[in-house]
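*Asks:* First the structure, then my questions, so here it is.
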Amino acid sequence: MELLYTAAGALASASSLIMHQEVFLFLAIGVVLGLSVGVFPGLGGIAGLSLMLPFIFGLDPIIGLALMVGLIAVVPTSDTVASVLMGIPGSSSSQATVLDGFPLSKQGHAARALSAAFASSLFGGLVGALFLTIFILVARPVVLEFQSPELLMVSIFGLSMVGILAGKIALKGVASAGLGIMIASIGEGPFNGELRLASYDFPYLLDGFKLVIVGLGIFAIPEIVALLRKGGSINESRALGDGWLTGVRDWWEHKWLSVRCSIIGVLVGVIPGLGGSVVDWIAYGHAIQTTPDKRQFGKGEIRGVIAPESANNAKEGGGLVPTLLFGIPGSGSMAIFIGALALLGSGELEVGQSMLTDNLDYTYSIVWLLALANVLGTVLCIILAPQIARLTSIPFVLVAPFVFMIITFAAFQSGQDILDLVVLFCIGILGIFMRRFDWSRPAFLIGFVLAKPVENFSNNAYQIAGIRFDQNISAGMDYVFGPIVIVIAIITVLSVVVGLRQAKHIQPEGDLETGGKRAPLAFLLLLVAFTAIFLFNIGMIPGYAWTDAVFPFTIGCLVFSILLILLGQMMLKPESDALFVDSEVRPDSHSERSLWGTISWFVGLLVGSMITGFIIALTCFLACFFRVRANLSWPMTSLMTVCGVGFMIFMGWMLNREFPGGLAQSIFSLPWPLR
């Protein structure tokens, strides 16, 4: 009862803090900024909060909190727009939404998908705020129980979602996840600094690949290319569909799924470093496991939208628990949030115990602001989204250059290196062929996201367990096989077993025809060759630095074994087997434009950026594309080009960002934005 009285008093004090017009004004500004940033793929909360930092210095704490919480709360709501309408993950936490949201949009149900997503986001956000309210006083002993073994098991549980998303051929799904882990292992080893498939002569690889680039490359590039080749608009029926009330009714019909996924969101959000990267996949997997008829998943199942969107917004409330209580950021945006708190007022806000003792009223102000921001953000999305949804009826040839322009800009911001664009293109090519031959792209991304947490937690658990076992066997067993570990392990095993049994019903790439052996076999041989090179390189790591080699080498051996099994099956099975699915043999594929002809446009932008810099190359790219590929008149081509380049320059100026430079910038001294 004492906890309830304390919480009630703090909530009352917090409500008096925020009941001012100025607070609501700055909350609204934060919400609008969050919606604006979230709509653009790859930017997300980190870019938005970074933009705010110069302006919040010295602000009254409650004003600054309103501004930041407004932005953080609604980014997971607005990033749904890109996922549903364009098939591009707006952020790392909206990747699962693409699987069913985008097919719904192509079927003419964009309005239904968006309204169901917004209703789920609102509910999830409110559940997150309620959870934060209750948990903020009782979370400390629970969170402190999570040591390396528990964190490792949570990460492995995230990897178990691969079983659900493996597709008809489970081995291909597991190999895809392993390939993602191998790609994530490139760079310096985390323990001894040994190089893994990298070189000091090529410094770009030392830090590995960024999630933003890999996520955009594996999902966005293949969808843009596929839609461009097909022609027409994203919305194949050229109608917005069933309307907004239908989506809300869908959410109400599946409200208990939304409740369960919201709880999943807040619980996973509490675990630092996991939330945004894995929570949507866990929720999506839960939706599949609890649905009797699973055949529509990946083809436009509304439950595949409701589940991840409920979890996405709920995880923000959970993510604030370790951030506020322990100063442990739950995500990249939370890391910036911690730094921004120190800039408010005279620095009186400091994460940790003081947020529960000296500043409990400010802590609960965040709860109120989180709830209000979710309501305001959802209302604005519902008001504006009908107009935004009409983008799906515009011929995609007019939209594609702008979409590619934006994701190129977003990818460059992750590392501020022209090679970011090269990696984006290469991962995009990989995504195109994985999409073509039905290798699970979601499984690949899950492997990439969880590779580093699994490697770090497994090494930490091994080191500490060794010390405990040296003390006595009982201490070691208690550390390794704690009750939380056992519970999560049981859940993980059940998830894998159930998932693999159900995976044959889930087809993220839709129904694909089988074709000849040559193309699928050639792609498999390329994967075998890459894996062999990877294993040879990891095997060169000296024995004294074995900790940098053991995890990627184990994964590489597993993937190599699976690929050899698949190779043997391809040699023995007929062309009609599901192993040989190939989207290029669809009955309507003969009417599509050439794959390499479509890709050549983007190669031109990449090469041009390396020679003349991004802005000059973008101007030439847009002008040529609209005139030649879209067949627009010169006046319309000029207008579209000016609008695109002007928008890009405005974005760079607003975010205080540079554009990719090329050879010309190293020779000539050019003014911004040409430099």
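The values are calculated or read from the model by the stated rules, or taken from the named source; none is laboratory data. Small disclaimer: the values here were computed from a predicted structure and weren't measured. Cβ atoms come from the backbone with ideal geometry, glycine included; neighbour counts cover every protein chain shown. Heads up: the accessible areas ignore ligands, DNA and RNA and are worked out on the full protein's heavy atoms, side chains in. Shrake-Rupley method; radii C 1.70, N 1.55, O 1.52, S 1.80 Å.
*Asks:* Considering every residue within the range 130-148, establish whether at least one is touching a helix residue (DSSP H, G or I) at 6+ places or on another chain (Cβ under 6 Å), modelled with pLDDT of 75 or more, within 30 Å of Asn359 (Cβ to Cβ) and surrounded by 24 or more Cβ atoms within 10 Å (Cβ to Cβ).
*Replies:* yes
*Asks:* Consider Ser176 carefully, then state whether it is among the polar types (S, T, N, Q) and open to solvent by less than 10 Å² (accessible area, probe 1.4 Å).
*Replies:* Considered against the rule, which asks whether it is among the polar types (S, T, N, Q) and open to solvent by less than 10 Å² (accessible area, probe 1.4 Å), Ser176 comes out as yes.
*Asks:* Same structure again: Quick test of your reading of the structure: Glu513 fulfils all but one of (1) modelled with pLDDT of 80 or more; (2) among the acidic types (Asp, Glu); (3) open to solvent by 30 Å² or more (accessible area, probe 1.4 Å). Name the failing condition by number.
*Replies:* (1)
*Asks:* Can you tell me which residue in the range 195-225 is nearest to Gln95 (Cα to Cα), limited to those that are part of a loop (DSSP other than H, G, I, E, B) and aromatic (Phe, Trp, Tyr)? It would help to see each step written out before you state the result.
*Replies:* We begin by selecting, within the range 195-225, every residue part of a loop (DSSP other than H, G, I, E, B); these are 197-198, 200-201, 208-210.
Then keep just the ones that are aromatic (Phe, Trp, Tyr); that gives 200, 209.
Values: Tyr200: 33, Phe209: 18 Å.
Step by step, filter the range 195-225, then rank; the result is Phe209.
*Asks:* If I filter the range 182-189 for residues that are open to solvent by 30 Å² or more (accessible area, probe 1.4 Å) and at pLDDT 85 or above, do I get at least one hit?
*Replies:* Yes, the range 182-189 has at least one match.
*Asks:* A further question follows. Modelled with pLDDT of 75 or more and open to solvent by 20 Å² or more (accessible area, probe 1.4 Å): which single residue out of Ala549, Ala545, Ala532 fits that description?
*Replies:* Of Ala549, Ala545, Ala532, the one residue that is modelled with pLDDT of 75 or more and open to solvent by 20 Å² or more (accessible area, probe 1.4 Å) is Ala532.
*Asks:* Still on this model: Go through the range 615-645 and give me each residue that's part of a helix (DSSP H, G or I), open to solvent by 20 Å² or more (accessible area, probe 1.4 Å) and small (Gly, Ala, Ser).
*Replies:* The answer is Ala623, Ser638.
*Asks:* Does Asp420 satisfy the condition of being part of a helix (DSSP H, G or I) and of a type in the set (Asp, Glu)? Break it down stepwise before answering.
*Replies:* On the way: part of a helix (DSSP H, G or I): yes; of a type in the set (Asp, Glu): yes.
Yes, satisfied.
*Asks:* Of the residues Ile366, Ile383, Ile406, which is surrounded by 22 or more Cβ atoms within 10 Å (Cβ to Cβ), at pLDDT 75 or above, out of contact with any helix residue (DSSP H, G or I) (no Cβ under 7 Å at 6 or more places or on another chain) and in a helix (DSSP H, G or I)?
*Replies:* Ile406
*Asks:* If you don't mind, another one. Give me the pairs, please: first residue somewhere in the range 462-481 and touching a residue at least 24 places away in the same chain (Cβ under 8 Å), second residue anywhere and β-branched (Val, Ile, Thr) and open to solvent by 60 Å² or more (accessible area, probe 1.4 Å), beta-carbon distance under 7 Å, and either six or more positions apart or on two chains.
*Replies:* Pairs found: Tyr479/Ile464.
*Asks:* What helices (runs of 4 or more DSSP H) completely inside the range 518-613 contain at least 3 residues that are within 30 Å of the chain's Cα centre (by Cα) and of a type in the set (S, T, N, Q)?
*Replies:* Output list reads 546-572, 595-612.
*Asks:* OK, next. What pairs come up if the first residue lies in the range 200-211 and is open to solvent by 50 Å² or more (accessible area, probe 1.4 Å), the second is part of a strand (DSSP E or B), and their beta carbons are under 8 Å apart, counting only those six or more places apart or on different chains?
*Replies:* Between residues of the range 200-211 that are open to solvent by 50 Å² or more (accessible area, probe 1.4 Å) and residues that are part of a strand (DSSP E or B), the close pairs are Asp207/Gly187; Asp207/Glu188.
*Asks:* Pull up the range 414-457, narrow it to residues that are among the small types (Gly, Ala, Ser) and under 18 Å from Gly187 (Cβ atoms), then point me to the one that is surrounded by the fewest Cβ atoms within 10 Å (Cβ to Cβ). So that I can check it myself, show each step before the final result.
*Replies:* As a first pass, look at the range 414-457 and keep what is among the small types (Gly, Ala, Ser): 414-415, 428, 431, 440, 443, 447, 451.
Then drop every residue that is not under 18 Å from Gly187 (Cβ atoms), which leaves 414-415, 447, 451.
Numbers: Ser414: 20, Gly415: 16, Gly447: 27, Ala451: 24.
Ranking the qualifying residues of the range 414-457, first place goes to Gly415.
*Asks:* Would you say Ser600 is open to solvent by less than 70 Å² (accessible area, probe 1.4 Å), in contact (Cβ under 8 Å) with a residue 24 or more places away in the chain and small (Gly, Ala, Ser)?
*Replies:* Spelling it out, it is not the case that Ser600 is open to solvent by less than 70 Å² (accessible area, probe 1.4 Å), in contact (Cβ under 8 Å) with a residue 24 or more places away in the chain and small (Gly, Ala, Ser).
*Asks:* Read through the list (1) over 20 Å from Gly173 (Cα atoms); (2) modelled with pLDDT under 85; (3) open to solvent by 30 Å² or more (accessible area, probe 1.4 Å), then give the number of the only condition that Tyr479 fails.
*Replies:* Against the list (1) over 20 Å from Gly173 (Cα atoms); (2) modelled with pLDDT under 85; (3) open to solvent by 30 Å² or more (accessible area, probe 1.4 Å), Tyr479 comes up short only on (3).
*Asks:* Residue check, Gly90 against (1) modelled with pLDDT under 75; (2) open to solvent by 40 Å² or more (accessible area, probe 1.4 Å); (3) not hydrophobic (A, V, I, L, M, F, W, C), all met but one. Which one?
*Replies:* Only one criterion in (1) modelled with pLDDT under 75; (2) open to solvent by 40 Å² or more (accessible area, probe 1.4 Å); (3) not hydrophobic (A, V, I, L, M, F, W, C) is unmet by Gly90, namely (2).
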